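These notes concern the structure reproduced below.
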């Protein structure tokens with residue numbers, strides 16, 4: 001049994017897809033970040049970074065946080081959704097997983113923050129992060145030209161990582177962005193049609209997360225606005 | 001033989017330390033990002049993300065980009081600087097490596113960009129990224145209280161990843177930041193005194209990288225200011 005600490009943001013959704021694809025039994029532990037539950041001392045013993053997702057693998061006692069760490073942990077646990085064991089394939093797996101982890105995710109996240117949440121003046125930051133988000137998605141799209149999946153012919157955890165953020169492309173770059181990224185759109189649509197993705201998307205019916213981005217939510221999410229340090 | 005594409009920034013320095021610690025033979029390929037060499041078509045076939053570091057492992061034919069991917073690849077290649085094989089330890093390794101990869105690195109990088117390179121008005125973004133950088137370093141410091149290394153008693157690739165960014169703390173947060181992070185400072189000093197770190201630091205004498213942050217450098221590094229897209 002896997003205990004899965006989650007909300008409905010892109011990173012937890014990558015892990016939901018992975019758990020479903022692997023058919024691993026899991027129990028849901030919603031963490032309502034707009035209510036500040038990520039800062040609860042009990043949760044900080046699971047993930048000192050105060051973010052979701054995290055898992056506790058009850059079979060092994062392992063605690064894992066960061067969505068990309070969890071994808072790799074679960075792939076190694078099950079031996080599934082990995083490329084063949086070979087140094088060249090391993091290099092591609094690690095490189096592209098990190099490309100999503102350190103590039104696509106952080107820059108998309110900053111684009112959302114500045115576009116949706118930050119106050120004016122913000123033109124420079126919005127331009128920077130929309131440019132960087134678009135640049136990263138264009139690299140994914142180029143990679144997927146002539147390849148069914150990110151590592152070639154096999155559906156792997158890298159595609160699951162890509163799926164979580166590809167779902168955000170219209171929100172970040174506008175609906176017409178898909179005309180520029182046809183290969184990425186093809187992968188997104190193919191994965192979204194899978195039963196595992198449908199089950200992951202249906203998690204939204206399991207718990208009523210706070211939806212308002214009000215003062216309380218902003219205080220918990222954007223602590224730099226009322227910092228304890230500085 | 002490892003071909004090592006590098007400059008003197010924190011992420012390539014992590015890999016330089018790792019190559020030296022492992023005693024792997026490597027050949028240097030400087031990539032002068034202030035001259036735009038990261039955008040050269042030949043280099044993009046190595047790293048389509050147009051960043052350093054990247055390696056080509058001539059023994060296996062593997063190409064690996066992203067510093068954290070390279071650390072994990074080299075640790076698995078050599079079987080060194082990893083915790084014991086055990087799911088709990090593997091979970092900690094992956095979690096903390098990703099904490100550096102997706103948190104410490106990106107937020108420190110954005111802090112440097114806004115503090116040093118971005119034009120005014122930038123107060124909100126500077127505050128955001130200095131807060132987030134400080135928050136991440138405080139989590140590393142708390143983790144290192146009562147533990148010699150990030151994963152406990154053993155020096156691993158996670159410590160090498162931390163070292164690269166811990167060297168930047170005074171530049172990002174000011175010299176007095178070390179009074180707040182004594183455990184992180186202890187680890188930094190211990191690793192910096194190792195012969196491998198001394199050899200990594202001495203790479204600065206191997207190639208004359210462009211040092212001026214002039215218009216040419218800004219054009220190559222901050223392409224969102226004169227975007228091709230948008």
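List of remarks:
- Flag: residue B:170 does not match the condition of being without any contact (Cβ under 8 Å) to a residue 12 or more places away in the chain and crowded, with 18+ Cβ neighbours inside 10 Å.
- Answer residue from the stretch A:33-84, given it is over 19 Å from residue B:136 (Cα atoms), touching a residue at least 60 places away in the same chain (Cβ under 8 Å) and part of a helix (DSSP H, G or I) and is nearest to the other protein chains (Cβ to nearest Cβ) among those: A:72
- Top-ranked residue of the stretch A:85-94 - restricted to ones that are more than 7 Å from chain B (Cβ to nearest Cβ) and assigned to a helix (DSSP H, G or I), ranked as farthest from residue A:219 (Cα to Cα): A:89
- Condition broken by residue B:182, with the remaining ones in (1) in the same structural domain as residue B:135 (by TED's automatic domain parsing); (2) free of Cβ contacts under 8 Å to residues at least 40 places away in the same chain; (3) surrounded by fewer than 16 Cβ atoms within 10 Å (Cβ to Cβ) satisfied: (2)
- Just so you know, in the stretch B:100-109 the residues that are within 7 Å of another protein chain (Cβ to nearest Cβ) and under 19 Å from residue A:224 (Cα atoms) include one that is nearest to the chain's Cα centre (by Cα), and it is B:105.
- Of the residues making up the stretch A:85-122, those that are without any contact (Cβ under 8 Å) to a residue 24 or more places away in the chain, touching a helix residue (DSSP H, G or I) at 6+ places or on another chain (Cβ under 8 Å) and within 24 Å of residue B:55 (Cα to Cα) number 7.
- Taken together, the residues in the stretch A:111-129 that are within 7 Å of chain B (Cβ to nearest Cβ) and surrounded by 21 or more Cβ atoms within 10 Å (Cβ to Cβ) amount to 2.
- Considering the stretch A:138-230, the qualifying helices (runs of 4 or more DSSP H), each wholly inside and each with 1 or more residues that are away from chain B (no Cβ under 14 Å) and more than 29 Å from residue A:33 (Cα to Cα), run over A:182-192.
- Selection within the stretch A:22-32: residues that are in a loop (DSSP other than H, G, I, E, B) and in contact with a strand residue (DSSP E or B) (Cβ under 8 Å, 6 or more places away or on another chain). The member of this set that is surrounded by the fewest Cβ atoms within 10 Å (Cβ to Cβ) is A:25.
- Qualifying residue in the stretch B:122-129 (condition: assigned to a helix (DSSP H, G or I), within 18 Å of the chain's Cα centre (by Cα) and more than 22 Å from residue A:63 (Cβ to Cβ)): yes
The values are calculated or read from the model by the stated rules, or taken from the named source; none is laboratory data. Keep in mind that this is a model prediction, so the values were computed, not measured. Here the Cβ is made from the backbone with ideal geometry for all residues, glycine too, and neighbour counts use every protein chain on show.
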